[in-house]
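Remarks on the structure that follows.
What follows is calculated from the coordinates using simple rules that are stated; it is not laboratory data. All of these numbers come straight from a predicted model, not from anything done at the bench. So basically every Cβ, Gly included, is an ideal-geometry build from the backbone, and we count neighbours across all protein chains shown.
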């Protein structure tokens, strides 16, 4: 692979695909520095000043705290961010620590859950496990409103082991009972309905005092302080010490590293690969960032088995095309640069985000609404017949605006014209290159024939002529199998 091809591979796996500007910058920086920029994202300005609360305000009505508004905000963040791995990891952990608003039914709780994942996405796994286990949305989702001595919550204790750490077959029913005892005294409070005033007043107080509506609470008097025999060892475990044991268990290390490898590299990794990555996890005491470096620095990550062999999720597909078409900058330009958390986001921003969320939903991935506690099935499960029909219908973003060709048209037009194509086959090749799709010769011929019927090279006379051809090109692109692999 060339350096440019390697940069593209990095962005496909550690982000949502690269724009032409990101590829140009990556080539100048080189593989090592681009990898560092993507993984050490805390050192990069995110370039996203938009508060989630800008999405809750309505004219002449009380604020709407529905989770769907925070879904729009998250999708905008994916389209705009200069830290794509942070959002990719947040999505990974959302699937691993699955929580859905179909049961939580509380927007601010789901927002707090999302921010808990994001804040700890590349840090210590123990810290992430501890923080998400104490998150009110997670606790509600797993029926953990209260767990008290004499009446412990076994559902939460079971899922912490089955889904989040050890996996089925690595613990006993007695371990579940003992873990539940260790977690007694845990609960959460939800003060929104206890506060006086209407929704507007409560939200204003929430923002003024930076005070959440819900919070984890520890009730020492309700904790079972007796000894518990857990995984063969007897101690006076409490919730924190129990989670620490699970976070650093060798089985957890292998299971988490296998899932990370499968998400960022390829399915069914060789045992030696899992052992190697798990060794990094163990030696670093669960440092996810170091695990990500280990994945990228593995020869297998750059192998033929890995490159362009992973099926794109609906997010990978829709967000990548949106970013390539300049949606992030366009959405930010539509917002008042002086806006803050008390400012209503423009309806035009919400409408465009509705469009991309609708396409992802119909393709099988509804952000903040996983199908069950196990999350989504990844990989080839994304390409069912019904889902593929919806993927074929995606036409990108900002092709045409109120005043004519929009940024999606302008960017693709400038890139393709800059290649100075001499034939419509050249034009088709440039089109595929812009969207990072390696179309074979027979597919390029289909594109070229379609462009010929629509005016040939004259389509590049101006953006107005090109807009229609772009829509046609996107239709063909979505029908190409190569588009759906990364």
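Taking other Cβ atoms within 10 Å as a rough exposure proxy, 4, 13 sort from fewest to most as 4, 13.
Where does helix 271-283 land angle-wise versus the long Cα axis of the chain, in degrees 0 to 90, nearest 10? Approximately 60 degrees, to the nearest 10. Largest first, the extents of the alpha carbon coordinates of region 77-176 on the three principal axes equal 48, 30, 21 Å. Fewest neighbouring Cβ atoms within 10 Å first, the residues 194, 162 line up as 194, 162.
The packing ranking of peptides 421-427, 451-457, 137-143, highest mean first, is 137-143, 421-427, 451-457, where packing means the average number of other beta carbon atoms within 10 angstrom of each residue. The C-alpha atoms of region 399-486 occupy a region whose extents along the principal axes are 35, 26, 21 Å, arranged from largest to smallest. The packing ranking, built from the mean of other Cβ atoms within 10 Å per residue, places the peptides 374-387, 30-43 in the order 30-43, 374-387, highest first.
Report, to one decimal in Å, the Kirkwood hydrodynamic radius for region 346-444 based on all distinct Cα pairs. Show your work: numbers first, answer last.
On the way: mean 1/r = 0.0614 Å⁻¹.
Every distinct Cα pair counted, the radius reaches 16.3 Å.
Calculated from the alpha-carbon coordinates, the chain shows an Rg and a Dmax of 24.2, 81 Å respectively. Once you sort the root eigenvalues of the Cα gyration tensor of region 122-280 as a ≥ b ≥ c, which label holds: rounded (a/c under 1.5), prolate (a/b larger than b/c) or oblate (the other case)? Because a/c hits 1.5 or more and a/b fails to exceed b/c, region 122-280 counts as oblate.
Fewest to most neighbouring Cβ within 10 Å: what's the order for 254, 177?
177, 254
Could you compute the FRET efficiency for residue 174 and residue 341, with r as their C-beta to C-beta distance and R0 at 60 Å, rounded to 0.05? It comes to 0.80. Computed over the chain, the per-residue total of -39500 (n - 2.57) for DSSP H runs of n ≥ 4 gives a 222 nm mean residue ellipticity of -16000 deg cm²/dmol, rounded to 500.
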